[in-house]
Structures are given as C-alpha cells and as structure tokens.
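Visitor: Pasting a structure below so you can have a look.
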Amino acid sequence: MYGAIIGDIVGQPYEFDRGGKTKDFPLLSECPHFTDDSVMTIAVCDGILQAGLEADEKTMKDAIINSMHTWGYRYPHAGYGQKFYLWIAAKKTEPYGSYGNGSAMRVSSVGWLFDTLERTREVARWTSEVTHNHPEGIKGAESVASVIWLARNGKSKDEIRSFVQNEFGYDLSRTCDQIRPGYHHTESCQETVPEAITAFLEGEDFEDVIRTAVSLGGDCDTLTCIAGSMAEAFYGIDDDFTQAVLALTSDAMHDVMESFDKTKIGRMA
C-alpha cells in the first residue's frame, strides 16, 4: 500500500501530460502531496478491516461504501472524478457503471490481506462493484490485486505476465518505448492498467518502476500508483520511501496503515 501512495505522490505533478516523458526527474516535487488515489486506497483498506477479512459480500461492500463516503468527506478536494465526487457528495450507495481507473488504483491492500488468490479476486471485485461495476472496471481491480498477490508470493515476472494475459486478456506485448510516444491522458482501466503492468514488468527495482511509469505520461498519478503497488509487492520498498509516505500523509491515514501492517500477509523472500 505504501508503494501505491508514493506512486501517487510522485506522479501527481506530471498528470495531464505535464511531464517530459522522461525517467530523469526529481522524485518529489517542491510541494509534494497525495491525491484521491491515496485517499481511496486508504478508504478501501479501512472498509475491509472494519468489515473483517471473513465478511460476506454485503457486509464488506457496505463497509467499503461507508468508508469511501467518510474519507471522501474528510478530503473533499483531493481531485476526484466528477461522477465519483457526485457519488460521495450525494451519499449514494448504488454503482454507476464506470470503467474508470479508480477501481484499480484503490485496490492495492486487497493483494496483501488474503491468503488465497481466489479470495483476493473476490474481494477485489467487490471493491470495484460498489461504484465501478462495468466489466472493465472490475477487471482492472481484479488484475491489479492478482499481480500484487502473485508478486508477494514469489512468482516471477514471466509467470505474472502469462497469468495476466491468460486470465484478463490484456495485451502486454508492447514495450514502454513503444507505448510512450503516443500515450496521452486517459482515465479508463483498459488504457491504464496494461500500461502500469508493463511499467512494473520492465522496471529493474522499485524506484525504476516508479520512474518508468511516470515516463509514460498520461494519468501519471494513477498509473504510477498502480505500478508502485505492484513494485512494492515484488521488490519490497526502501525505508526512505516509507518515511516519505508517513511524512506526507495524515495521522488518521497512519492509523489505517498501522492496522494494515498488523493484518497483512508478508512478502515471500
């Protein structure tokens, strides 16, 4: 989860194609801050922990919905998409058919909290369906949580690539060099998740994944949030990055992170 949040913070200044599509940039801007990606990452985790890991679908979804509303009201200006903002503001509980990449950027905790891939995919699906119940939105959440689960369970990148292609049908044949020139801002799962997975697969270590993801451009905070969540599960994360997350987030967020750290299942060596 720390990887997702630092990815969000690092990518934020370059959102809307404001970067130079390069890996050579300062990791933290002059005024680094988190966005809705981090807020909803915390919200989903908090909802799951409040419901309990063994909760049934209704209990889990109700807790996640309530948590999203709570955290959304706490941080109303974090940069939510219009439909999601209206969903929070009106305290709606019904999904709205979105295939936006919000379902994929907020799911990282799910990949760490459950001991089977089947349960991981089930809960990831539920975290999406509360708002993003379009098949592409659900696929985005399930695939990201699955990559995290596979990575922390010691699977190789080749195994992860094959699983994603076979299970979710994403085209991972393009390299980042092939993606980069024509890639621009998009907020759909189907045009963000494969690119984030590719950045993770090409990166040589945690920081290189972050830099590679930012270099693609597009919806940089979300793309790098997703890629960072996968990189943490595969490589681990240096203490410098963890401390940066703690320095740039609130005490209320720290409470959720602490509960998450006590509950999550560790990464295999």
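The values are calculated or read from the model by the stated rules, or taken from the named source; none is laboratory data. In this text the structure is predicted, and so the values were computed from the model without any measurement. FYI the Cβ positions are ideal-geometry reconstructions off the backbone, even for glycines, and counts take in every protein chain you see. Please note that ligands, DNA and RNA were not included when accessible areas were found on the heavy atoms of the full protein model with its side chains. Shrake-Rupley method; radii C 1.70, N 1.55, O 1.52, S 1.80 Å.
Visitor: In region 158-210, carbon and sulfur make up what percent of the accessible area (probe 1.4 Å)? Walk me through the intermediate numbers first.
Guide: Working: 940 of 2460 Å².
Answer for region 158-210 is 38 percent, counting heavy atoms of protein chains only.
Visitor: Per residue, how many Å² of accessible area does the chain show with a 1.4 Å probe? Could you put the intermediate results ahead of the total?
Guide: On the way: 10850 Å² over 269 residues.
Here the per-residue accessible area is 40 Å².
Visitor: Next question. Which order do Glu187, Glu30 take when ranked by solvent-accessible area (1.4 Å probe, heavy atoms of all protein chains), largest first?
Guide: Working: Glu187 95, Glu30 180 Å².
So, going from the largest accessible area down, we get Glu30, Glu187.
Visitor: Distances over 22 Å make up what percent of all Cα-Cα pairs in region 41-178?
Guide: Cα-Cα pairs of region 41-178 separated by over 22 Å account for 37 percent.
Visitor: Compute the distance in nm between two label points, each set 7 Å from the Cα along the Cα-to-Cβ direction, one at Thr70 and one at Ala252.
Guide: 1.0 nm
Visitor: Related question: Would any residue of region 185-225 have its amide N under 17 Å from a label point 7 Å out along Cα→Cβ of Asp240? List them or say none.
Guide: It comes to 204-212, nothing else.
Visitor: Further question on the same structure: Rank by packing, highest mean first: peptides 5-11, 128-134, 235-241, 193-199, with packing defined as the count of other Cβ atoms within 10 Å averaged across residues. Please list the in-between numbers first.
Guide: Numbers: 5-11: 30.1, 128-134: 23.7, 235-241: 15.0, 193-199: 26.6.
Ranked by mean Cβ neighbours within 10 Å, highest first: 5-11, 193-199, 128-134, 235-241.
Visitor: Run the simple label-point estimate for Gln178 and Ile265 please: 7 Å along Cα→C-beta, distance reported in nm.
Guide: 3.4 nm
Visitor: Another question, if that's okay. On average over all directions, what projected area in square nanometres does the chain have, based on the convex hull of its Cα atoms? Walk me through the numbers on the way to the answer.
Guide: On the way: hull surface 48.9 nm².
In nm², the orientation-averaged hull projection of the chain is 12.2.
Visitor: Under a 5 Å amide H to amide H cut-off, with H placed in plane at 1.01 Å, what residues pair with Gly100 once short-range neighbours are removed?
Guide: Residues meeting the amide H criterion: Cys189.
Visitor: What residue among Gly182, Gln50, Leu113 has its Cα farthest toward the positive end of the dipole of the chain, where the charges are +1 on Lys, Arg and -1 on Asp, Glu, each on the Cβ?
Guide: Of Gly182, Gln50, Leu113, it is Gln50.
Visitor: Could you name the lysines in cross-link range of Lys23, using Cα to Cα under 29 Å and dropping any fewer than eight places away on the same chain?
Guide: Lys139, Lys155, Lys157
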